[in-house]
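Taking it in order: structure first as C-alpha cells, then the write-up.
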Amino acid sequence: MQRPSGSRLPKFSHAFRLGLVLTAASPLLLSATMATPAGAFELFGIHLWGEKEPDRDIIDPVDYTITFDAGTSERNLRKSLERTSRLLAEEDDPVSGDLGLVIKARDDRDRLIATLYERALYGGVVRVTIDGRDIDALPPNPTFDRSRPVPVTISVEPGVEFALGRITLEGDAKGLDPEDFDLTPGEPAGSLIILKAAQKMADAIKAESRPLTEITRRDVVADHETKTVDVTISINGGPVAPIGIVTVKGARKVNSDFIERYSRLRPGQKYDPEQLRKAAERLRALGVFSSVTLKEDETLAEDGSLPIGIVVSEGKHRYFGFGASYSSLDGAGLEGYWGHRNLFGNAESLRIEGAVRGLGESRDVTDLTSLDYTAGITFIKPGAFFPSATLEASIKGSTLETDYYDAATVTGKVALAYELTDTDTVSAGVSLAYDSIDDAFGDGNEYLTFGVPLGYTRDTRDNRLNPTEGHYGTATVTPSYDFFGQTAFASLEGSISAYLGLGSEDRVVLAGKLSAGSLFGGGDLSAIPATRRFFAGGGGSVRGYAFQEITPYNADGDGTGGRSYTTASFEARIGITDTIGIVPFLDVGSVSDSVVPEFSDLRMGAGVGLRYMTPFGPLRLDVAMPLKRYDGGSRYGIYAGIGQSF
C-alpha cells in the first residue's frame with residue numbers, strides 16, 4: 001500500500017528538535033563550564049576543543065616520556081594493559097618530584113600485574129625502568145636528569161594462561177558446588193572469577209538469614225609447572241538471625257515513621273540482604289532523599305536479632321524548570337514546570353506543568369488559537385492505604401494539531417498501583433476525558449469517555465535506563481464508554497522487552513521489543529475518539545517514519561488511525577569505550593483497520609544510534625531511514641533523548 005498522494009506531508013518529517021532545559025541545578029552546570037580554561041571546552045568530561053592546560057598546582061613538577069610494550073599482539077589484552085597504565089594515560093601531566101615518579105611507576109607495575117592475573121596470566125612479568133635503571137635498583141631518594149623529560153620504559157611478558165586446578169571449600173561453604181559459582185577445573189583461573197566466586201558463596205550463605213557471614217580464608221596457589229591454580233575458600237556463616245529494631249536517622253521534614261513503614265522492613269522479619277538492597281532502592285526512588293544508606297549492626301542484639309539503621313539525607317523538596325524547543329517546520333515551543341516532593345511530610349509529590357508549541361514559522365503568532373497548549377497537575381501519594389500501594393491523581397488539558405487530527409482534550413484520572421512482589425505490579429483506576437476533534441471523519445466531533453484502565457507490569461531489568469539483562473512487560477485493558485455517542489468499546493495493549501548482555505563486561509547487549517494492541521467494539525471507527533485509535537511511526541515506535549505516519553488512509557489520503565497495531569524493535573548495543581557506544585537497529589510496524597493485526601502493509605525503518613554514558617543514563621542520538629517509504633512521506637528521522645530507546 002502506498003500513501004495516497006493527496007495527503008499532507010508529516011510536519012515532523014525533516015524536523016530536528018533541539019531543547020534546552022534549565023532547572024534549579026543550573027548553577028552547577030554553569031560553574032563547571034566556567035571552570036574550563038578560556039579557549040578550551042569540555043562537556044561531560046569530554047575534551048571537545050582547545051588545548052588543555054597542565055596542572056599548575058603540582059609541587060616540583062617532573063616531566064617524563066614513556067615507552068610501553070604490551071608484549072602481545074592480542075588486541076583486547078593489549079588495550080586492557082594500555083588502559084591500566086596511569087603513566088601512559090597521564091603522560092602529558094607532570095608528576096611531583098623524582099620520588100613521585102618512582103611511586104607512580106611502582107603503582108603501575110602492581111596494576112599491570114593485577115590485570116594479568118585477571119586474565120589468568122600468573123606467569124607474566126612486568127619490568128619498569130626509569131632513566132635506564134630498574135625501579136627495584138633505585139636508591140630510596142633517587143634523582144634524575146631533568147634537562148629533558150625523564151624516559152620511562154614499561155615492558156610486559158604476559159606468559160601463558162593458567163587453568164583452575166583443585167577447588168577446596170571449607171567451613172559453611174563445604175556443602176556448596178563450586179561449579180555453581182563459575183569455579184570449574186580446567187577453565188581459565190582469572191583472579192576476578194575467583195574473587196567473585198568467593199563473594200557469591202558468602203552472599204548465598206548470608207541469604208540464609210545469616211547476617212554475620214564472613215570469608216575467613218581465600219588462598220590462591222599457582223603451580224608454574226602444571227600451569228594450574230589451586231583455590232581454597234573457607235566461609236563462616238554465623239548464627240541465623242531475624243531483622244531486629246529498625247531506626248531512622250537524618251530525617252528532617254520527612255516523617256521517620258513513614259520512612260520505616262515504606263522501607264517494608266519489620267522486626268522479626270527474615271533477614272535477607274536482597275530485601276535490604278531493595279528497601280534502599282525503594283526509598284531512593286521517592287526522590288526526596290539525596291542519599292539513603294542501610295547500616296547493619298556488626299553484632300546481634302541480646303534477643304539474637306540484627307538491628308538495622310536507615311540513614312537518609314534529604315534533598316531539596318521544591319524544584320522548577322523551564323525549557324525551549326525549535327523545529328524548522330513546527331516553530332518554537334516553551335515549557336515549564338514546578339513541583340514539590342514532600343507536600344505533607346510523607347513524600348507526597350505535586351507537579352504542575354504547562355507548554356505552548358507552534359510559535360512562529362508557518363503559524364500566525366497573533367492568533368493564539370492556532371498554537372498547541374498543554375497544562376496539567378499530578379499528585380502522587382506513595383504508601384497510600386498500604387506500604388506497597390501508590391495513589392496517583394491527575395488532570396490534564398491539551399490542544400494538539402497533527403497531520404491527521406486536531407484535538408482539544410481534558411482528562412481526569414485516578415489510579416492505584418499495588419506491588420504484588422518486587423517485580424510485579426497491578427493497577428486499576430478510573431478516567432473521564434472530554435475530546436473535541438477534527439479528523440478524517442469530519443469537524444467538531446465531541447466525545448465524553450469514561451474508562452476503567454486495568455494494568456499489570458513485570459519488571460526484572462537490572463537497570464531501568466540502561467538494562468543489560470532481564471525483561472520488562474506490560475498488559476493493559478481499558479473498558480470505555482462514550483456518553484455522547486452512547487458507544488461502548490475497549491482497548492487491549494501489551495508489550496514485552498528483553499535484554500541479553502554478551503561477554504563478561506556486557507560490551508554487547510542484544511535488545512528486543514514487541515508491542516501489539518486492539519480496539520474492540522465501538523461500531524464505526526468514527527465512534528471512537530482519534531486520540532484512542534492506533535497510529536505508529538516516530539521515536540517511540542518505528543523510527544525513520546514521521547510521527548503517526550503509519551496508519552490506514554481513506555480515499556482522500558487522510559490518515560484515520562486503526563483498530564490494531566503491531567510493532568517490533570531490535571537493537572545491538574555495542575560499547576566502543578566505557579562511555580561511547582553505537583547501536584544499529586531495525587524497527588518494524590503495521591497498523592490495520594481490523595481488530596486482529598494484519599501485516600499486508602508492513603513498514604520497516606533501519607538506522608544507527610550513538611550513545612554517550614552519563615551518571616544519569618545514556619544520552620541517545622538515533623538516525624533512521626524508512627525501508628519502505630510512503631510516496632511523499634518521510635525520508636529520514638533524527639531522535640534524541642536520555643536513556644535507551646526501550
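Overview of results
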item: Search result, residues across the stretch 149-163 that are among the hydrophobic types (A, V, I, L, M, F, W, C) and within 14 Å of residue 78 (Cα to Cα); result: 154, 156
item: Qualifying residue in the stretch 564-579 (condition: buried (at least 21 other Cβ atoms within 10 Å of the Cβ), aromatic (Phe, Trp, Tyr) and either farther than 23 Å from residue 521 by Cα or assigned by TED's automatic domain parsing to the domain that holds residue 505 (or both)); result: yes
item: Selection from the stretch 458-494 of residues that are touching a Gly at 6+ places or on another chain (Cβ under 7 Å) and of a type in the set (Ser, Thr, Tyr); result: 460, 468, 474, 476, 478, 480, 487, 491
item: Matching residues, the stretch 448-475, being among the charged types (D, E, K, R) and under 13 Å from the mean Cα position of the chain (by Cα); result: 461, 462, 464, 469
item: Residue check for residue 112: within 30 Å of residue 194 (Cβ to Cβ) and in a loop (DSSP other than H, G, I, E, B); result: no
item: All positions within the stretch 82-103 that are within 14 Å of residue 70 (Cβ to Cβ) and touching a helix residue (DSSP H, G or I) at 6+ places or on another chain (Cβ under 7 Å); result: 82, 84, 85, 87, 88
item: Selection from the stretch 345-360 of residues that are over 15 Å from residue 316 (Cα atoms) and among the basic types (Lys, Arg); result: 357
item: Residue check, residue 107 among the charged types (D, E, K, R), surrounded by 14 or more Cβ atoms within 10 Å (Cβ to Cβ) and not assigned by TED's automatic domain parsing to the domain that holds residue 195; result: no
item: Flag if residue 311 is farther than 30 Å from residue 399 by Cβ, at pLDDT 95 or above and surrounded by fewer than 17 Cβ atoms within 10 Å (Cβ to Cβ); result: yes
item: Condition check for residue 492: in contact (Cβ under 8 Å) with a residue 60 or more places away in the chain and in contact with a strand residue (DSSP E or B) (Cβ under 9 Å, 6 or more places away or on another chain); result: no
item: Counted residues, the stretch 423-447 - those being surrounded by fewer than 17 Cβ atoms within 10 Å (Cβ to Cβ) and under 30 Å from residue 275 (Cβ atoms); result: 4
item: Test: residue in the stretch 439-453 that is within 30 Å of residue 260 (Cα to Cα) and either part of a strand (DSSP E or B) or not assigned by TED's automatic domain parsing to the domain that holds residue 500 (or both); result: no
item: Filtered residue count, the stretch 72-109, keeping only those that are within 19 Å of residue 59 (Cβ to Cβ), assigned to a helix (DSSP H, G or I) and not hydrophobic (A, V, I, L, M, F, W, C); result: 6
item: Strands (runs of 3 or more DSSP E) enclosed by the stretch 140-252 - at least 2 residues per element that are over 37 Å from the mean Cα position of the chain (by Cα) and either surrounded by fewer than 18 Cβ atoms within 10 Å (Cβ to Cβ) or outside the structural domain of residue 266 (by TED's automatic domain parsing) (or both); result: 150-157, 163-171, 214-223, 228-236
item: Every residue from the stretch 62-96 that is surrounded by 14 or more Cβ atoms within 10 Å (Cβ to Cβ), of a type in the set (Asp, Glu) and touching a residue at least 40 places away in the same chain (Cβ under 8 Å); result: 63
item: Options 324, 301, 285: the member that is in the same structural domain as residue 346 (by TED's automatic domain parsing) and either among the hydrophobic types (A, V, I, L, M, F, W, C) or at positive phi (or both); result: 324
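The values are calculated or read from the model by the stated rules, or taken from the named source; none is laboratory data. From a predicted model like this one, the values you see are computed outputs, not experimental measurements. Virtual Cβ from ideal backbone geometry, glycine too; neighbours counted across all protein chains shown.
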